[in-house]
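Read through the structure below, which is laid out as structure tokens, and then see the notes.
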Amino acid sequence: MWQAIATHYKNGTPYAATIAGYDLWNEREGTGASEAGWISHSQTITSAIRAIDPDHVIIWEPWEWGLPWGFDGMTTMPLAAFSNIVYSYHAYDPHLFTNNGVGDPYGVKYPNPSLACFAGGANLNWNASTVGPDGLNCDGSGRQSILNLQAPYGFPIFIGEFSAYTASVYNDGSIILTQA
């Protein structure tokens, strides 16, 4: 499939300018699969694309729904052998705020020194200056993982998805979720 897509969109075709790149798999997660399997599979897909199209960007997201803690524990980048790679993750922390009341309660105020990531979770000090609970992801690992990996490789990072519901803003500039 990826070879056919690359053949259709590679430079020199009428369709080359219609795409910015190839996002290998949005929010990879699934029954019977694994992080190691995903890394190996993404390397195979990238090799197949690069054999046909060496020019377009390839976007790679980590296991675990593309969330930043999917980079935790990595010591090398999965596609380091290839050029023109962008690593991406999704920024949905804290879920109580970003999920717009879907499955979580409405009325969540941000910034908030006692906001949990998920209903029933531990409170974390979310504030505007750290853009998170003192710089940490909801699982406590920190977005620092991807930045530490970026330093030796210099790859671009793309925040592929994010959300914030801003139906109501207080006079002090804080935001509250309200049911519409």
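Odds and ends about this structure:
- Accessible surface of region 1-97 [probe 1.4 Å, protein heavy atoms]: carbon and sulfur percent: 55 percent
- Listed peptides 85-93, 21-29 by packing density, highest first (mean Cβ within 10 Å): 85-93, 21-29
- Accessible area, probe 1.4 Å, largest first, for residues Glu64, Glu161: Glu64, Glu161
- Cα gyration tensor category, rounded, prolate or oblate, for region 36-81 with a/c compared to 1.5: prolate
The values are calculated or read from the model by the stated rules, or taken from the named source; none is laboratory data. What you see is a predicted model; the values in this text were computed from it and never measured. Reconstructed Cβ throughout: ideal geometry from the backbone, glycine too, with neighbour counts over all protein chains shown. SASA here: full protein model, heavy atoms, side chains in, ligands and nucleic acids out. Shrake-Rupley method; radii C 1.70, N 1.55, O 1.52, S 1.80 Å.
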